[in-house]
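Reviewing the structure listed below.
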Protein chains: 2
Amino acid sequence: MDQTKIILPESEMPQAWYNIQPDLPAPLAPPLNPGTGQPIGPEDLAPIFPMELIKQEVSMEPWIEIPDDVLRIYKLWRPSPLFRAHRLEEYLGTPARIYYKNESFSPAGSHKPNTAVAQAYYNKQEGVTRIATETGAGQWGSALSLAGALFDLDITVYMVRCSYEQKPYRRMLMEVWGGECFSSPTDKTNAGRAALAKDPDTPGSLGIAISEAVEDAATHDGTKYALGSVLNHVMLHQTINGLETKKQLDLVGEKADVLVGCVGGGSNYAGLFFPFVKDKLDGQDIDIIACEPTACPTLTRAPYRYDFGDTAQLTPLLKMYTLGHSFVPPPIHAGGLRYHGMAPLICLLVSQGVVEPRAFQQPDIFEAAITWARTEGALPAPETAHAIKAGIDEALKCKETGEEKCIVIAYSGHGHFDLAAYDAYLSGEIEDYQLPQEEIDRALAELPEIAEPS
Amino acid sequence: MDQTKIILPESEMPQAWYNIQPDLPAPLAPPLNPGTGQPIGPEDLAPIFPMELIKQEVSMEPWIEIPDDVLRIYKLWRPSPLFRAHRLEEYLGTPARIYYKNESFSPAGSHKPNTAVAQAYYNKQEGVTRIATETGAGQWGSALSLAGALFDLDITVYMVRCSYEQKPYRRMLMEVWGGECFSSPTDKTNAGRAALAKDPDTPGSLGIAISEAVEDAATHDGTKYALGSVLNHVMLHQTINGLETKKQLDLVGEKADVLVGCVGGGSNYAGLFFPFVKDKLDGQDIDIIACEPTACPTLTRAPYRYDFGDTAQLTPLLKMYTLGHSFVPPPIHAGGLRYHGMAPLICLLVSQGVVEPRAFQQPDIFEAAITWARTEGALPAPETAHAIKAGIDEALKCKETGEEKCIVIAYSGHGHFDLAAYDAYLSGEIEDYQLPQEEIDRALAELPEIAEPS
């Protein structure tokens, strides 16, 4: 049997992030000020973000140097290994070669620290002492708490209520790293109080939690806000993942034919696939498949238009596929994929046909995850299981056609804190779910009419 | 900053386990048949173990080849990385260089799969279809369930009740891999029923759980028993860890001055330090420190004598430091260290002064674990935190003396399923505990008088 882990030495770790903005196939629609309908400037974002991140948000430089202090911390888990899934291939009987880029070995168990560490660094550099944020499944909140511990920053996390209750270990993990974690909606913010008044039993949503964290940052001195996905600078920091993957594929003489990854806000998968987009635009034949849950079908069923990033309409308007900022997805176990919108950069690439979206049912992704655990050994996060399901589907297609494709799965995180979800699946408690069209229509009806700037 | 991870390529992975038996500084007292008082032969063990493992148990060959099928599975996480703990060193301000051999990246999260995979392989080779075992904190039960999935064997696990209740995620993990897990004592075995009759509220113990698993294996066709620690062949399989560590230290021009590890049955630490024992016996100056909880102080407070490995007196008699087979340790969070005895090979080395035992209080090991998480990032198992505490103590001694020692910590597993324990610690619910001498005396008074064979 060939090599199982393709390891890049620390000395070969990329020293700069890749900025996709100069290479986009069409111009990116700018974020708009909801009051004026005009593109926002740096001054609009300054109250909640440090200036260096605002610059990165709009930069047209193709490469942005990674600070030494960030590289040193990256070495705690980077370069991350690229695995060959030999045992899954044998189990499926596929002629495809399946690889997975394993981000689960970071201290927080996912790709999230790639940007958490960078954001904490830039905040620290600019004198910030406390960061407020939101978290869905808890991956981001724990990653930022870790980064806070490493850079001596106070961290406050608003955690979506249904995940807070499903995943108590994530809250405890944040506290081990010194973070403070609240179940959102809270009664600590106007946004939280409004959500509770509307529905005291709400399972919460990322939209509401974002509103709470932004309000917290805007109303406390020395406090800034951090977002774990969606924004351009977050995608940027994640690209170290795809840059490493390209080097690792080169080491074994491979070229990717198919990339699969899960998308909630989009950052883990953007991190993997952005460095491959130019190759595709230059004519290389690569399928780039973005996987989402049927319960929150942003890319597969929502329109591409301007909307707020949060429920309380505090953020700038972003052009994206959106189910509507007031949409509250059902409390599925892949909490990290419960977001009404999607990173504008990914949405642009979907709208241009560069990225193909697919939606999956919960029982199917858990079945794929169990197959994975019993062949490859490791236990994936339910979010990651969406990518695994797509990878297995593609490998089985190769079995039918005889094609020897090279498939790369974005293995975004482990499921060690998601075992209650596996328990529910094995007990037969997880069923298919089709989101009623009326729910989408109702949320979309609440959207303001936005004239796109010419 | 220098390299953080010292990585051994898969091509450099050791191809044979190291058997310490020919290199021992004194003869190992043989296991005895409790009925006759005579050393047992292979025929005594054949009902519960496959023959190849029985041979390994008594082998005097210095090297035992690792089967190809085992090596292939090892590659899912081996060679495991040796880390330099730069950030902890800086935090402590020590001139010592601290390394840790990280076994937490195996699919089960600890060193246990090193032997689980080997044992499953040999059982499968000899036609066994089902394996019964016990587990303390759940590390071993999940590792064997993983191995069962990879070799298509049915696995039944008797899990010590207090851990079963403290760590439900470990049970779920076993089930994801297809294992079956019961809270021990059960009403399914004579041993379990006897323990429940004696005390219906018992927190359980490894001794009771071993009795149940051995009885299960002895009374079911096609079923064998597997032990995750204590026995010679288990220590043997773990030595790949220390063999890799020596190669990795060579890569950076280091020689270990101090080794620290935690011991329950002893296998994780034996795996790390056995390959260094000959160097020490040949005159190299290495401190080998074995860490245990003050709540189960086998090496630091118990006598060295023959005793049963289990509560129901089903196993052969083993010469070891023992608190008495009827001893039930308090339900501390480091469940993997709650064993009344200790691997005979380690006990011999302690009795010969080769290994130095130390005991630690729970609040101290959790304090060390929090320091670790906030500097090195990763979350250690409470068992592993004993090793970390000793490593920090040794590094602080170096700070006083100015010695630039090379300290290697056996980082045996992650604490992702132990967050309830961290939560209890951070809430101030974990206190110092000193085991009353009467409890030890009472259990020791129940031991039979055994005449040692001459």
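Readers should treat all values here as calculations from the given coordinates under stated rules, not as data from a laboratory. This one's a predicted model, so the numbers in the text were calculated from it and none came from an experiment. All Cβ positions, glycine included, derive from the backbone under ideal geometry; neighbour counts span all protein chains shown.
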Practice task
Would you please state which residues of the stretch A:217-235 a label at A:GLU180 would reach in this model, taking the label point 7 Å out along Cα→Cβ and a backbone N cut-off of under 19 Å?
Solution key: A:217-227
Handout entry: Tilt relative to chain B, helix B:113-125 - C-alpha long axis, 0 to 90 degrees, to 10
Key = 40
Completion exercise
At 37 °C and 0.692 mPa s, the Stokes-Einstein diffusion coefficient in µm²/s for the stretch A:377-454, with hydrodynamic radius from the Kirkwood sum on alpha carbon pairs, is 199
Exercise for the section: Starting from the Cα gyration tensor of the stretch A:265-391, take the square roots of the eigenvalues, sort them a ≥ b ≥ c, and report rounded, prolate or oblate (rounded when a/c is under 1.5, otherwise prolate if a/b is larger than b/c, else oblate). Expected result: oblate
Exercise for the section: Could you tell me what percent of the DSSP beta bridges with both partners in the protein assembly as shown are antiparallel, to the nearest 5? Expected result: 35
Handout entry: Virtual spin-label span in nm between A:LYS55 and A:LEU426, 7 Å along Cα→Cβ
Key = 5.2
Exercise for the section: Take the alpha-carbon centre of the stretch A:354-370, take the same for the stretch A:16-59, and report the distance between them in whole Å. Expected result: 32
Exercise for the section: Mind checking which of A:THR36, A:HIS237, A:VAL328 is farthest towards the positive end of chain A's charge dipole, using Cβ charges of +1 (Lys, Arg) and -1 (Asp, Glu) about the Cα centre? Expected result: A:HIS237
Problem - Potential extension, A:VAL252-A:GLU356 segment - 0.36 nm per residue separation minus Cα distance - result: 34.8 nm
Handout entry: Size of electric dipole in the stretch B:115-217: Cβ of Lys, Arg +1 and of Asp, Glu -1, about Cα centre, debye, nearest 20
Key = 160
Exercise for the section: Pull up the cross-link candidates among the lysines for B:LYS399, meaning alpha carbon to alpha carbon under 17 Å and not fewer than 8 places away within one chain. Expected result: B:LYS389
Practice task
Return the subset of B:LYS112/B:LYS278; A:LYS112/A:LYS247; A:LYS5/B:LYS112; A:LYS55/A:LYS75 for which the Cα-Cα distance in this structure is over 30 Å, preserving the input order.
Solution key: none
Completion exercise
Long-range amide H partners of B:THR135, meaning residues 5 or more apart or on another chain whose placed amide H is closer than 5 Å, are B:TYR158, B:MET159, B:VAL160
Handout entry: Estimated vicinal HN-Hα couplings, Hz - the stretch B:265-282 in sequence order (Karplus 6.51, -1.76, 1.60; Gly, Pro = x)
Key = x, x, 6, 5, 6, 4, x, 6, 8, 3, x, 9, 5, 4, 4, 5, 5, 7
Exercise for the section: Shortest first and in nm with one decimal, please list how far the A:SER11 label point sits from its counterparts in the other copies (point 7 Å along Cα→Cβ). Expected result: 1.6
Fill in the blank from the handout: For the stretch A:161-166, in residue order, the Karplus 3J(HN,Hα) values (coefficients 6.51, -1.76, 1.60; θ = phi - 60°; whole Hz; Gly and Pro = x) are 3, 5, 6, 3, 7, 6
Exercise for the section: Specify the longest stretch of chain B that does not include any exposed loop site, a site being one of the GluC sites (Glu not before Pro) with a non-H, G, I, E, B DSSP assignment and at most 10 other Cβ atoms within 10 Å. Expected result: B:1-428
Fill in the blank from the handout: Per the rotation taking chain A to chain B, min distance Cβ-to-axis on chain A (residue, whole Å) equals A:HIS416, 2
Completion exercise
In whole Hz, the Karplus estimates of ³J(HN,Hα) for the stretch B:70-76 (6.51, -1.76, 1.60; θ = phi - 60°; x where Gly or Pro) are 6, 4, 4, 6, 3, 5, 4
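Please state the equivalent ellipsoid semi-axes for the stretch A:196-242: what are the square roots of 5 times the Cα gyration tensor eigenvalues, largest first, in whole Å? Please report the intermediate quantities before stating the final value.
On the way: eigenvalues 142, 58, 7 Å².
Output for the stretch A:196-242: semi-axes of 27, 17, 6 Å.
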Problem - Per-pair calculated FRET efficiency, R0 = 51 Å: A:TYR91 and B:LEU28 via Cβ, rounded to 0.05 - result: 0.75
Practice task
Rounding to the nearest 20 debye, state how big the charge dipole of the protein assembly as shown is about its Cα centre with +1 on each Lys and Arg Cβ and -1 on each Asp and Glu Cβ.
Solution key: 500
Handout entry: FRET E, pair B:GLN313, A:GLN3, Förster distance 51 Å, beta-carbon r, rounded to 0.05
Key = 0.55
Handout entry: Cα-centred dipole magnitude for chain A, charges only on beta-carbon of K, R (+1) and D, E (-1), debye, nearest 20
Key = 520
Practice task
Please report Rg over Rh for the stretch A:1-154, where both radii come from the alpha carbon positions and Rh follows the Kirkwood definition.
Solution key: 1.04
Handout entry: Whole-percent pair-distance distribution, where bins are 20 Å wide, for the alpha carbons of the protein assembly as shown
Key = 15, 47, 30, 7, 0
Fill in the blank from the handout: FRET efficiency (A:ALA451, A:LEU396; Cβ distance; R0 51 Å; to 0.05) is 0.65
Completion exercise
Under 5 Å from the placed amide H of B:TRP77, counting only residues 5+ away or on other chains, we find none
Handout entry: Approximate spin-label separation B:GLN15-A:ASP199, in nm, with each point projected 7 Å along Cα-to-Cβ
Key = 6.3
Exercise for the section: Between the label point of B:LYS55 and that of the same position in each other copy, find the distances and list them shortest first in nm, with every label point placed 7 Å from Cα along the Cα-to-C-beta direction. Expected result: 6.8
Handout entry: For A:ALA194, inter-copy label distances in nm, listed shortest first [label point 7 Å out on the Cα-Cβ vector]
Key = 6.9
Exercise for the section: Distance from a point 7 Å along Cα→Cβ of A:ALA46 to each backbone N in the stretch A:221-244: keep the residues under 19 Å and list them by number. Expected result: A:221-226
Handout entry: Within the stretch B:364-395, backbone nitrogen closer than 19 Å to the virtual label 7 Å beyond the Cα of B:ASP285 toward Cβ
Key = B:394-395
Handout entry: Positive-end extreme of charge dipole, the stretch B:44-198 - chosen from B:ALA143, B:TYR91, B:HIS111 (charges on Cβ)
Key = B:TYR91
Fill in the blank from the handout: The answer for A:TYR433, listing residues at least 5 apart or on another chain whose modeled amide H is closer than 5 Å to its amide H, is A:GLN362
